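The values are calculated or read from the model by the stated rules, or taken from the named source; none is laboratory data. Quick caveat: nothing in here was measured; it's all calculated off a predicted structure. Every residue, glycine as well, gets a Cβ built from its backbone with ideal geometry; the counts of neighbours run over all protein chains shown.
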Amino acid sequence: MTDRLYYHDAALLDFDATVIEYGNDALHVVLDRTAFYPTSGGQPHDIGHLGNSRVVDVIDEGARIVHVVDAPVGLGPVHGHVDGARRRDHMQQHTAQHLLSALASDRFGWDTVSVHFGPTHSTIEFDVAAAPEQNLIALQRAANDVVAQARPVLVSFEDAAAAEAAGLRKPPARTGLIRVISIADIDRSACGGTHVTRTSEIGPMLLLGMEKIRTHVRMGFLAGDRVLAHARENGAALDALALEMECAVTELTTLVPAKHREIKALREQLATLEAEVAVSRVRAMFDAIGPSDDGVRRIVYRPDAESPSIVRQMAQAVAPLERAVFAAVTQTPPTIYFATSADSALHAGATLKAALGTVGGRGGGSERVAQGTAPSADALEQAARTVVYGDRP
Ligand SMILES: [Zn+2]
C-alpha cells in the first residue's frame, strides 16, 4: 500500500521513501510513500527522479502506485524528486477547472460532464446545447475576480455520507472516507488531484471559446503561466505579421482581408492576361513558321522557364488554327504538352500516350490537348520529336 503524500501536501516535491516492490527488470517501482501523482481523474501524471533514474510514467493501481523509470531502481531507501514546473502547471489548471465548473453551475446552471487536462490547453464539457458569448465573458470575469480574492483552497478527509449532507457539488462516487477540495464559500468537490492552496496561486484565467460536441459544449481554457506564455506567443506572432505587412498590429484585421481581396483580383487579372498572351504567342509562332510539304505547320516550344498555366493555355489555343501541331517541353517540372488543330485528324491524347509509352513515360489527354512526363530530358525530347514529326526524317 502506497501512502500518497500529495494528498496532504501538493507543494511537497522532495521526499525520502523505501522501494518495497519492483518488477519488469526494476523499471516498475513501488514505494511505501510517494509525492508522485499518478494519471487519474483527467489529470496527467507527474515526472521527476527516483535516485538517478528518471520517472517517465506513474500508474495508479488502487492500493499501490507504480513508478515507471528509465533505469533500474533496487529495493531499499531512495530519494524522490517531483518536477516542480509540471506539478505547478497541473495544480493551476486543475484548481482553475474546479473554480470554472463551480461558477458555471452556480451562475448559468451548466453542469460539468467531463474534464480533460491537455498539454496545450484544458477543456470542460458542459451539459448544455449552447453557451452564449456574454456568458463566457461573465464567467471569465467572475473566475478572475475569485483569483484576486485569494480564497483558501482546503483539503479535508470526510465520511462520504456526512460530506454529502454538508454539501458537495456532485454526489460522491464511493462510500467511506473521501477527499474533499473546498474553495472557500464557492465549492466543495470530491477529488484526488493536486490543487493550489489559495485561488491567487491559480494566476490569470483565459477562456478559449466553445466547441459543440453532440448535444453538449466543450469549453477550452488556460490558467496561470500558460496564459502568460499564450499572450507572449500570440503577441510575437502578431508583431511578426505586422512587420511583414508594414502596419500596426491594430491594423491587421482590416489590412489582411483587404490584401486578400487585392490578391484575388490580381490573380483574376493575371489569368485573363495569360490567356491573351497564350493565344497571341501561338498565333505568332504559327505565322512565323511555314507549312511543311504536307501542309502542316509544326511548332515546337522549349521555354527556359515558364508558368505551367500559360503553356497549357498555349496548347489550348492550337485547336482553331489551320493544320497545325504543337509540342512544348518544359524542364521544371519535366513535362510535355501536345496539341493538334481541329482539322489535323490527329488525336492528341492517343498520339502522346503512344509516344511516351516507347520512352518509359506516361501521359494522355483529349482529342485536342494532351500532357505527360518522362524519366529524363532526352526521353521528353524524343517524345516531342515523335509526336510532331512522326516518321518524317
Ligand atoms: Zn481536483
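Values for this structure:
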{"item": "Only one of His98, His81, His94 that is in contact (Cβ under 8 Å) with a residue 40 or more places away in the chain and in a strand (DSSP E or B)", "result": "His81"}
{"item": "Count of residues meeting criterion [within 23 Å of Ala143 (Cβ to Cβ) and assigned to a loop (DSSP other than H, G, I, E, B)] in the range 153-199", "result": "14"}
{"item": "Among the candidates Thr175, Thr199, Thr215, residue that is more than 16 Å from the ligand (Cβ to nearest atom), more than 19 Å from the chain's Cα centre (by Cα) and under 23 Å from Trp110 (Cβ atoms)", "result": "Thr215"}
{"item": "Members of the range 150-172 found to be buried (at least 20 other Cβ atoms within 10 Å of the Cβ) and either away from the ligand (no atom under 11 Å from the Cβ) or farther than 30 Å from Leu222 by Cβ (or both), listed by number", "result": "Ala163"}
{"item": "Failed condition for Val115, given (1) under 19 Å from Gly41 (Cβ atoms); (2) of a type in the set (A, V, I, L, M); (3) within 16 Å of the ligand (Cβ to nearest atom); (4) at pLDDT 95 or above", "result": "(4)"}
{"item": "From Val277, Val227, residue being under 30 Å from Ala104 (Cα atoms), assigned to a helix (DSSP H, G or I) and of a type in the set (Val, Ile, Thr)", "result": "Val227"}
{"item": "Test: residue in the range 337-354 that is over 22 Å from Gly390 (Cβ atoms) and of a type in the set (Lys, Arg)", "result": "no"}
{"item": "Qualifying residue in the range 325-344 (condition: of a type outside the set (Asp, Glu), over 23 Å from Glu274 (Cβ atoms) and in a helix (DSSP H, G or I))", "result": "yes"}
{"item": "From the options Val318, Val311, residue that is in contact (Cβ under 8 Å) with a residue 40 or more places away in the chain and of a type in the set (A, V, I, L, M)", "result": "Val318"}
{"item": "Flag if Gly363 is assigned to a strand (DSSP E or B) and touching a Gly at 6+ places or on another chain (Cβ under 6 Å)", "result": "yes"}
{"item": "Residue that is outside the structural domain of Lys170 (by TED's automatic domain parsing), among the hydrophobic types (A, V, I, L, M, F, W, C) and touching an Asp or Glu at 6+ places or on another chain (Cβ under 6 Å), where the choices are Val56, Val73, Val66, Val78", "result": "Val56"}
{"item": "Within the range 43-78, tally of residues that are in a loop (DSSP other than H, G, I, E, B) and farther than 18 Å from Tyr7 by Cβ", "result": "9"}
{"item": "Pair list, Cβ < 6 Å and 6+ apart or interchain, from the range 339-350 residues that are under 14 Å from Val318 (Cβ atoms) to residues that are of a type in the set (Gly, Ala, Ser) and assigned to a strand (DSSP E or B)", "result": "Ser341/Ala324; Ala348/Ala339; Ala348/Gly365; Ala348/Ala370; Gly349/Gly364; Gly349/Gly365; Gly349/Ala370"}
{"item": "Test for Met205: is it touching a residue at least 24 places away in the same chain (Cβ under 8 Å), within 16 Å of the ligand (Cβ to nearest atom) and closer than 16 Å to Ala143 by Cβ", "result": "yes"}
{"item": "Residue that is farthest from the ligand (Cβ to nearest atom) [pool: residues in the range 218-231 that are under 19 Å from Val147 (Cβ atoms) and surrounded by fewer than 21 Cβ atoms within 10 Å (Cβ to Cβ)]", "result": "Ala231"}
{"item": "Within the range 152-198, tally of residues that are of a type in the set (Lys, Arg) and under 13 Å from His98 (Cα atoms)", "result": "4"}
{"item": "Test result for Val56, at pLDDT 95 or above, surrounded by 14 or more Cβ atoms within 10 Å (Cβ to Cβ) and within 21 Å of Gly193 (Cα to Cα)", "result": "no"}
{"item": "The lone exception for Gly360 - which of (1) at pLDDT below 95; (2) under 18 Å from Ala319 (Cβ atoms) it fails", "result": "(2)"}
{"item": "Out of Thr253, Thr330, sole residue that is among the hydroxyl-bearing types (Ser, Thr, Tyr) and within 23 Å of the chain's Cα centre (by Cα)", "result": "Thr253"}
{"item": "Number of the condition not met by Val300 [criteria: (1) of a type in the set (A, V, I, L, M, F, W, C); (2) touching a helix residue (DSSP H, G or I) at 6+ places or on another chain (Cβ under 7 Å); (3) without any contact (Cβ under 8 Å) to a residue 40 or more places away in the chain; (4) under 17 Å from Arg385 (Cα atoms)]", "result": "(3)"}
